[in-house]
Amino acid sequence: MGFVIRRAARYGFCSGVRAADIKVRRFAASGRRGAILGQVVHNERVVEDMSRLGVRTVQSLEEVVEPVVVFSAHGVPPSLHRLARERGLEVLDTTCRFVHDIHRASQRALAAGSHLVFIGNPDHREVIGYTQDLDPATYHVVASLADVEAVDWSRYEHITIFYQTTLNAEEYEDVVRAIERANAATRRAETICYATRENQEAARRLAAAAEIDLVLVIGGRHSANTKHLYDICARLKPSHLIQGAADIDPAWLGGVRGVGLTAGASTPDYVMAEVEARLVELGGRRA
């Protein structure tokens with residue numbers, strides 16, 4: 001009888017990533033030369049596409065020999081704009097509007113005398129963009145209760161908490177509440193983008209469905225939001241994080257009645273279509 005293939009109600013490219021992808025493709029189509037500082041989005045297929053279009057990826061401004069540098073959807077520290085201009089580079093800025101909002105909101109909070117707390121990965125490019133130019137005394141980046149317990153939060157008059165936009169906020173509720181207990185003058189900024197929330201909730205509903213026995217989460221190996229989608233699904237059903245159709249192991253499908261598909265915010269629609277087509281080849285039928 002085979003198995004049913006069902007897509008999550010919401011998945012894949014968010015508006016910020018879609019806008020970044022479109023901007024770079026239009027730039028490439030114009031025939032101009034440029035280089036992307038870091039992956040424009042955290043998806044290896046997109047990076048390969050950009051390279052084929054003639055817009056290569058570099059890891060530092062020093063590597064840019066083209067006339068234009070592209071700043072990715074994750075954003076950059078404000079100082080990089082100045083450094084780019086000093087090197088005579090034109091900037092194509094594809095920073096997500098939600099990330100721009102956090103840059104502005106964190107600067108307003110700092111100017112008002114608040115100590116900043118970023119919930120997230122200190123090595124993630126989005127978080128580096130928020131913090132690299134700040135005085136280390138004005139902020140903390142935390143991701144665990146151990147991080148929270150290492151700080152005397154009572155010494156700050158006010159605290160404002162910002163989330164890395166790609167996180168599953170529910171997973172960090174204990175971390176945030178621990179800070180709030182330590183300092184009553186703590187407020188949370190609303191910084192998880194709506195697309196991340198909707199994708200996560202849709203993935204949760206998909207994995208919880210009775211007819212779904214297996215979930216495939218499609219995305220880049222360095223994509224934080226894809227990893228969070230996988231974590232949500234894996235708590236409910238057997239799940240695999242894959243980059244594309246070639247990663248599917250037919251052995252996973254033995255005895256499976258339904259396969260759920262979801263994808264990270266940096267995953268192009270065509271990759272989802274390729275995965276679905278491969279599952280049809282392996283005996284699946286679209287719901």
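The values are calculated or read from the model by the stated rules, or taken from the named source; none is laboratory data. These numbers come from a predicted model, not from an experiment. Glycine also receives a Cβ, built like all others from the backbone with ideal geometry; neighbour counts cover every protein chain displayed.
Here is the figure for the stretch 72-92: residues that are hydroxyl-bearing (Ser, Thr, Tyr) and part of a loop (DSSP other than H, G, I, E, B) total 1.
Yes/no matrix, rows are residues, columns are (1) closer than 19 Å to PHE3 by Cβ; (2) surrounded by fewer than 16 Cβ atoms within 10 Å (Cβ to Cβ):
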position	(1), (2)
GLU211	yes, yes
VAL217	yes, no
ASP249	yes, yes
ARG257	yes, yes
ASP269	no, yes
MET272	yes, no
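If a residue has to be surrounded by 19 or more Cβ atoms within 10 Å (Cβ to Cβ) and more than 23 Å from ASP231 (Cα to Cα) to count, how many in the stretch 146-155 make the cut? Before you say what the answer is, go through the steps one by one.
First pass over the stretch 146-155, keeping only residues surrounded by 19 or more Cβ atoms within 10 Å (Cβ to Cβ): 148, 153.
Okay, now just the ones that are also more than 23 Å from ASP231 (Cα to Cα), so 153.
So the answer is 1.
Within the stretch 8-38, the set of residues being basic (Lys, Arg) and either more than 30 Å from VAL259 (Cβ to Cβ) or out of contact with any helix residue (DSSP H, G or I) (no Cβ under 7 Å at 6 or more places or on another chain) (or both) comprises ARG18, LYS23, ARG25, ARG26, ARG32, ARG33.
Residues that are among the small types (Gly, Ala, Ser) and either assigned by TED's automatic domain parsing to the domain that holds ALA29 or surrounded by fewer than 20 Cβ atoms within 10 Å (Cβ to Cβ) (or both) do occur in the stretch 125-138. Please enumerate the residues belonging to the stretch 267-282 that are modelled with pLDDT under 95 and over 19 Å from LEU206 (Cβ atoms). Selection gives PRO268, TYR270. When we screen ALA224, ALA178 for residues that are out of contact with any strand residue (DSSP E or B) (no Cβ under 7 Å at 6 or more places or on another chain), of a type outside the set (D, E, K, R) and surrounded by fewer than 21 Cβ atoms within 10 Å (Cβ to Cβ), the only hit is ALA178. Have a look at VAL69, VAL41, VAL65 and point out the one that is under 30 Å from ALA203 (Cβ atoms) and outside the structural domain of ALA224 (by TED's automatic domain parsing). On inspection, the qualifying residue turns out to be VAL41. Only one entry of THR131, THR94 meets the criterion of being of a type in the set (Ser, Thr, Tyr) and more than 24 Å from THR186 (Cα to Cα), and that entry is THR94.
Quick one: in the stretch 126-151, of everything that is assigned to a helix (DSSP H, G or I) and hydrophobic (A, V, I, L, M, F, W, C), which residue is nearest to the chain's Cα centre (by Cα)?
Just the residues of the stretch 126-151 that are assigned to a helix (DSSP H, G or I), to begin with: 126-131, 136-138, 145-149.
If we keep only those that are hydrophobic (A, V, I, L, M, F, W, C) too, we end up with 127-128, 137, 145-146, 148.
Details: VAL127: 11, ILE128: 14, ALA137: 27, LEU145: 22, ALA146: 24, VAL148: 23 Å.
Once the filter is applied, the top-ranked residue is VAL127.
Residues checked against (1) at pLDDT below 95; (2) under 30 Å from GLU126 (Cα atoms):
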{"site": "LEU206", "(1), (2)": "no, yes"}
{"site": "ALA224", "(1), (2)": "yes, yes"}
{"site": "LYS227", "(1), (2)": "yes, yes"}
{"site": "ILE232", "(1), (2)": "yes, yes"}
{"site": "GLN243", "(1), (2)": "yes, yes"}
{"site": "ILE248", "(1), (2)": "no, no"}
{"site": "GLY264", "(1), (2)": "yes, yes"}
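You will find that of GLN200, GLN164, the residue that is under 19 Å from ARG10 (Cβ atoms), crowded, with 19+ Cβ neighbours inside 10 Å and touching a residue at least 24 places away in the same chain (Cβ under 8 Å) is GLN200 and no other. For the stretch 1-71, please list each of the strands (runs of 3 or more DSSP E) lying entirely inside it that holds at least 2 residues being in contact with an Asp or Glu (Cβ under 9 Å, 6 or more places away or on another chain) and surrounded by 19 or more Cβ atoms within 10 Å (Cβ to Cβ). Filter on the stretch 1-71 gives 3-7, 34-37, 68-71. Mind telling me which of the residues THR166, THR95 ends up being within 22 Å of VAL41 (Cα to Cα), assigned to a loop (DSSP other than H, G, I, E, B) and touching a strand residue (DSSP E or B) at 6+ places or on another chain (Cβ under 9 Å)? Exactly one residue qualifies, and that residue is THR95.
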